[in-house]
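The values are calculated or read from the model by the stated rules, or taken from the named source; none is laboratory data. These numbers were taken from a predicted model, which means no experiment stands behind them. Cβ atoms come from the backbone with ideal geometry, glycine included; neighbour counts cover every protein chain shown. With ligands, DNA and RNA removed, areas are computed over all heavy atoms of the protein, side chains included. Shrake-Rupley method; radii C 1.70, N 1.55, O 1.52, S 1.80 Å.
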Amino acid sequence: EAQVTQNPRYLITVTGKKLTVTCSQNMNHEYMSWYRQDPGLGLRQIYYSMNVEVTDKGDVPEGYKVSRKEKRNFPLILESPSPNQTSLYFCASSLSLQGYEQYFGPGTRLTVT
Amino acid sequence: AQTVTQSQPEMSVQEAETVTLSCTYDTSESDYYLFWYKQPPSRQMILVIRQEAYKQQNATENRFSVNFQKAAKSFSLKISDSQLGDAAMYFCAYKMNYGGSQGNLIFGKGTKLSVKP
């Protein structure tokens with residue numbers, strides 16, 4: 001089944017404790033992206049990757065890191081999480097940068113206390 | 001910068017009736033895509049319908065259809081014969097269609113749709 005998976009689905013952590021949210025897709029997509037969703041703000045792009053080893057900042061990159069060492073994986077790293085990073089996070093992928101359909105993962109609910 | 005505006009934070013419809021969700025957007029581009037996504041309580045983002053800006057014909061997917069007015073930069077979603085399972089948050093989204101952009105989907109803030117039995 002073609003899908004985007006994220007882990008964990010729920011995470012509660014404390015300020016400053018490094019964490020990684022994994023994202024994996026099995027559709028051989030070149031383009032992957034991370035979004036965060038906050039009430040009243042819709043979804044906003046954090047980082048994106050056009051292919052392996054090619055990543056760039058989205059609209060709200062502060063406090064986040066990403067890496068793209070393999071085509072299928074695109075982990076989101078929070079080196080020192082803060083309470084304002086409490087949010088719902090989505091990973092998405094599409095065939096290419098120009099691909100018109102993005103497939104979303106199930107979301108990761110992160111709470112930073 | 002492109003923006004997407006959904007002016008109705010909440011809407012309500014009676015089961016089996018029709019409801020229209022509004023969306024306007026601002027762009028200076030001529031080649032782009034528009035989308036409606038549904039987010040039920042499970043939080044999964046589900047693509048409902050897609051419209052290519054170069055197509056004049058309005059997209060339709062079963063009970064879902066759009067009214068795309070390119071000159072007015074309007075992209076409304078009509079849900080016919082509403083069902084209880086249609087209750088969800090609906091997001092309108094925009095995406096440019098050429099290299100050089102960051103492939104970013106730009107989302108509106110969403111409209112919460114309730115369906116009354």
Could you tell me, in Å, what Rg and Dmax come out for the Cα atoms of chain B?
13.9, 47
When B and A pair up, the total accessible heavy-atom area removed from solvent (1.4 Å probe), in Å² to nearest 100, is 2000 Å²
How many angstrom lie between the C-alpha centres of the range A:1-70 and the range A:82-113?
5 Å
Probe 1.4 Å - accessible area at A:C91, Å² to nearest ten
0 Å²
Please go through the range B:1-57 and write out the GluC sites (Glu not before Pro) that DSSP classes as loop and that have at most 15 other C-beta atoms within 10 Å.
B:E15, B:E17, B:E29
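Give A:K57/B:K109; B:K55/B:K78; A:K65/B:K95 a once-over and call out the pairs whose C-alpha atoms are over 27 Å from each other. Please report the intermediate quantities before stating the final value.
Values: A:K57/B:K109 21 Å; B:K55/B:K78 18 Å; A:K65/B:K95 24 Å.
Distance filter (> 27 Å) returns an empty set.
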Expressed in angstrom, Rg and Dmax over the Cα atoms of the range B:32-94 are 11.9, 36
With every protein chain in place, what's the accessible area of B:K112 (1.4 Å probe, Å², nearest 10)?
110 Å²
Any idea what Rg and Dmax come out to for the protein assembly as shown if you just take the C-alpha atoms, in Å?
17.7, 52
Under 8 Å for C-alpha pairs, at least 6 residues apart: give me the relative contact order for chain A, rounded to a whole percent.
36 percent
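Please compute the contact order of chain B in relative form: average sequence separation of alpha-carbon pairs under 8 Å and at least six residues apart, divided by the residue count, as a percent.
37 percent
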Enter the accessible area of B:T18 (Å², nearest 10), with the probe set to 1.4 Å and all protein chains included.
80 Å²
Yeah, the range A:1-108 with a ≥ b ≥ c from its alpha-carbon gyration tensor (a/c under 1.5 is rounded, else prolate when a/b outruns b/c, oblate otherwise) is prolate
Summed over the other residues with a beta carbon less than 12 angstrom from that of A:Y10, with K and R at +1 and D and E at -1, the charge totals +3
